[in-house]
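For reference, the structure discussed in these notes is given below.
The values are calculated or read from the model by the stated rules, or taken from the named source; none is laboratory data. Note that the coordinates shown come from a computational prediction; the quantities given were computed from them, not determined experimentally. Note: ideal-geometry Cβ built from the backbone for every residue, glycine included; neighbour counts use all protein chains shown. Please note that ligands, DNA and RNA were not included when accessible areas were found on the heavy atoms of the full protein model with its side chains. Shrake-Rupley method; radii C 1.70, N 1.55, O 1.52, S 1.80 Å.
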Amino acid sequence: MDSKPTETSLPLNAPELYINRDLSLLAFNKRVLAQARNEAVPLLERLNYLCISCSNLDEFFEVRVASIIEMASIDPNTISADGTTPSEQLAKIAIYAHELVDKQYQVLNDILIPTLAEHNIRFIRRKDWTKAQHQWLTTYFNEELLPILTPVGLDSAHPFPRILNKSLNFIISLTGKDAFGRNSGRAILQAPRGLPRVVQLPAEATSSGPHDFVFLSSIIHEFINDLFSGMNVTGCYQFRVTRNSDFFVDDDAIDDLLLAVQGELAMRNYGDEVRLEIDANCPDDTVNFLLERFHLTRDRLFLVNGPVNLNRIQEVNDCLDRPDLKFPPFKPSIPSCFGKDKDMFAAIRKNDVLLHHPFESFAPVVEFLRQASADPDVLVIKQTLYRTGADSPIVAALIKAARAGKVVTVVIELRARFDEKANIDLAAKLQEAAVHVVYGVVGYKTHAKMCLVLRREDKQLRNYVHLGTGNYHPRTAQIYTDYGLFSCDKELGEDVRRVFAQLTSLGKVTKLNKLLQSPFTLHKGLVEKIDRESQHAKNGKPAKIIIQVNAVVEEQLIKALYRASQAGVEIKLIVRGICCLRPGIPGVSDNIEVRAVIGRFLEHARLYVFANDGHQEVYASSADLMSRNMFKRVEVCFPIESKKLAARILHDLNLYLQDNSQVWFLQPDGTYRQHQLHDNETSVQAQALLLNELQA
């Protein structure tokens, strides 16, 4: 890469320098889907990647498309950084999304289903049912489905029902008259969410293979006549509606945030319609009928060749004991200083400790809180919770500590998208145990990952902290790559205490010693550090920036990176998802390389490295380079001051920069190119190497 600055007349706010964030997000889902085609990936994991790309697309429509539709209604002339209006963005999204959906079903029908069949995992079509299978499925329908299915005939007394967000539904065409002489010609059947979408055939009762499955939709199609006695079903077609699931809470009008979130949560399943999926065989008159009912235009219609709820095929993985078709299991390691029965506080007093999940176990984080809850010298525990699992051992430790008489304060973010209900239940559970629960600051999501333990030692008080880039969720810690730092550094501990004071009380912004914090100092601090690298480069000094994040969107930070590139700074960005910055633009971003790594684990860590003329700085953070993280959330960015731990993070980053097997490079035109190994090139997989280095 040429590090010499290049002249350009292009202003840094020129729309052609920015990639649309939503098209970039669709490009991420395309990379995920590519894993479903990758023959080097175990077969059932490929099926899992297909389902992930589908669930990601659901959320994309529920949140991003819904918000653009609202913007088109409120301010149709607003212009995004890439120079497009909301309606122009929706038109481009429609093209890209339809292409993605077509590829999803192509992968399912033409690649995965045939390949699964080669491994004796079969999805049996209705036309291929044997007599024994049909007999068993008849009994299954009569005993398990018929009693709970409730079709609604459409007439003046039975208006079109409210359709639950993302639920499986059928529209049925009918002829004939019922016992009351009625026939509107159409009926709607909603499949209850509790029903499995894939039914496994029992080998002993059907003479099937041990891994034969039938889609729920196929069963309902086969026996739909049984729901309309004496009438003739002339057509039965699946459909699914995706709705706006991003709720609005008026920060200026809130008296009780919990009640406000509960009220909005009740309406989530019935927000405005944003997408309609229908069986591709559905006739035009029925398609038009549904479009009219849901007030949708054809650009938001998806005619699909397969189950409309494609992501529910993931249920198959839970039914199969086929380790030969899954990623090999691994056992994450635990640092020796945190070995069995060891005093974690003594270990942390000796040195800061860094954990890299999932290669290293999340267990020490749980054990840290367990020891704190049982330690008579621990007086106070403070914790932020954004997402955590049901029956979390973290929560159990906090409850135990409160019941032991310790002062326990938990900051729960109620508005963690799609985890609101779980967090409301969690808050109630903690409050029952006398934990002091607060909901952060109205108008600002608490996204920081912090734990503070105050302990009395030798007639003095000492703060122990854990700071992380990911959530306090033991399950996601097994599949997301994240870092966590344990420290009892006095200034760092005081910083964390001050941030908790902001979240639980009132007061002016206090100066922090080492932490950068949004919405106050993080954005400004990052811009200053990037600009400092620019100045070093202009002065002929070595200058380099390495950033690993989930998203790069915020315009001022992108402009700072462009300025740094123009000054000759070498910039390496490892961006899992959205990237609005265009690399490789002559005179603007010649010195910026953007890569994305898609592997077994979801890349989730946020790291910032600045060469700083030989005085290198390494930071880890809960924040991505997005406006919401910089200005509308409470985030922390913490330094890795131990030279040993900083060197370890640099080692990990260098592995990602050497990866040539799971890496995609962002091109100046906004597309991604997957690196293809040359004949004489040795394969390097960063995640595999880290797994080999760190697992037990």
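In the chain, the DSSP beta bridges split such that about 70 percent are antiparallel, to the nearest 5. Summary value for region 517-695: 23 percent relative contact order, contacts being C-alpha pairs under 8 angstrom separated by 6+ residues. All Cα-Cα separations within region 17-325 were binned at 20 Å from zero, giving a P(r) of 28, 55, 16, 0, each value a whole percent of the pairs. Could you tell me how many degrees, from 0 to 90 and to the nearest 10, lie between the Cα long axis of helix 131-140 and the main elongation axis, the longest principal axis, of the Cα atoms of the chain? Orientation of helix 131-140: about 70 degrees from the principal axis.
Volume per residue, Å³, of the convex hull around the alpha-carbon atoms of region 601-656?
Details: hull volume 5.8 nm³, N = 56.
Normalising the Cα hull of region 601-656 by residue number yields 104 Å³.
Treating the beta-carbon of each Lys and Arg as +1 and of each Asp and Glu as -1, no other charges, what is the dipole magnitude of region 357-437 about its Cα centre, to the nearest 20 debye?
Working: 10 positive and 10 negative charges, 37 e Å.
Value, rounded to 20: 180 debye.
Can you give the percent of C-alpha pairs in region 517-695 whose distance is more than 20 Å?
Values: 8512 of 15931 pairs.
For region 517-695, the share of Cα pairs beyond 20 Å comes to 53 percent.
Proximity of backbone amide H atoms, modeled 1.01 Å from N, is registered between Ser589 and Gly584 at under 5 Å, excluding neighbours fewer than 5 places apart on the same chain. By DSSP, the beta bridges lying fully in region 344-514 are antiparallel in about 70 percent of cases. Here each label is just a point 7 Å from Cα along the line to Cβ, and for Ser333 and Asn692 those points are 1.4 nm apart.
Taking every C-alpha pair closer than 8 Å and separated by at least 6 residues, the mean separation divided by the residue count of region 459-534 gives a relative contact order of 25 percent. When only alpha carbons of region 344-514 are considered, Rg and Dmax amount to 15.1, 45 Å. Between the helical axis of 21-37 and the longest alpha-carbon principal axis of the chain there is an angle of about 70 degrees.
Which value in deg cm²/dmol, rounded to the nearest 500, describes the helix-derived mean residue ellipticity at 222 nm for the chain, given -39,500 (n - 2.57) per DSSP H run of n ≥ 4 and division by the residue count? Kindly include the intermediate steps, with their values, before the conclusion.
Numbers: 21 runs with 234 residues, N = 696.
Computed ellipticity for the chain at 222 nm equals -10000 deg cm²/dmol.
With 23 Å as the limit on Cα-Cα distance, the pairs of Lys421/Lys508; Lys382/Lys449; Lys449/Lys524; Lys30/Lys632; Lys538/Lys644; Lys459/Lys644 that go past it are Lys421/Lys508; Lys30/Lys632; Lys538/Lys644; Lys459/Lys644.
Close amide-amide hydrogen proximity is noted between Val408 and Ile381, His436, each under 5 Å apart and 5 or more residues distant or on a separate chain (H modeled in the peptide plane; Pro and chain starts excluded). Distance between the C-alpha centres of region 312-334 and region 38-98: 28 Å, rounded to the whole angstrom.
What is the chain's relative contact order, in percent, from Cα pairs under 8 angstrom and six or more apart in sequence? Don't jump to the answer; show the numbers that get you there.
On the way: 1281 pairs, mean separation 90.5, N = 696.
Relative CO of the chain lands at 13 percent.
Using a 1.4 Å probe on the protein heavy atoms, what percent of the accessible area of region 344-514 belongs to carbon and sulfur?
Values: 3340 of 6790 Å².
For region 344-514, the apolar C and S fraction of the accessible surface comes to 49 percent.
Rounded to the nearest Hz, the phi-derived 3J(HN,Hα) couplings of region 339-344 under the Karplus curve 6.51 cos²θ - 1.76 cosθ + 1.60 (θ = phi - 60°) are x, 4, 6, 8, 6, 5, where x marks glycine and proline. Applying both filters, DSSP loop and at most 13 other Cβ atoms within 10 Å, to the trypsin sites (Lys or Arg not before Pro) of region 264-346 gives Lys340.
Quick one: accessible area per residue over the chain, 1.4 Å probe, rounded to a whole number of Å²? Mind dumping the intermediate values first?
Numbers: 30070 Å² over 696 residues.
With the other protein chains kept in place, the chain gives 43 Å² per residue.
Against the main long axis of the alpha-carbon atoms of the chain, helix 420-432 sits at an angle near 60°. With a Förster radius of 45 Å applied to the C-beta separation of Arg349 and Arg322, the computed FRET efficiency comes to 0.45. Qualifying trypsin sites (Lys or Arg not before Pro) in region 539-639, where qualification requires a DSSP coil assignment and no more than 15 other C-beta atoms within 10 Å, comprise Lys632. A probe of 1.4 angstrom, applied to the heavy atoms of all protein chains, finds Glu292 with accessible area near 140 square angstrom. Ranking Phe368, Gly440, Val408 by how far each Cα lies toward the positive end of the dipole of region 337-452 (charges on Cβ) leaves Gly440 at the top. Per atom type, region 558-649 shows carbon and sulfur on 50% of its accessible surface, probed at 1.4 Å.
Rolling a 1.4 Å probe over the protein heavy atoms leaves Glu70 with an accessible area of roughly 90 Å².
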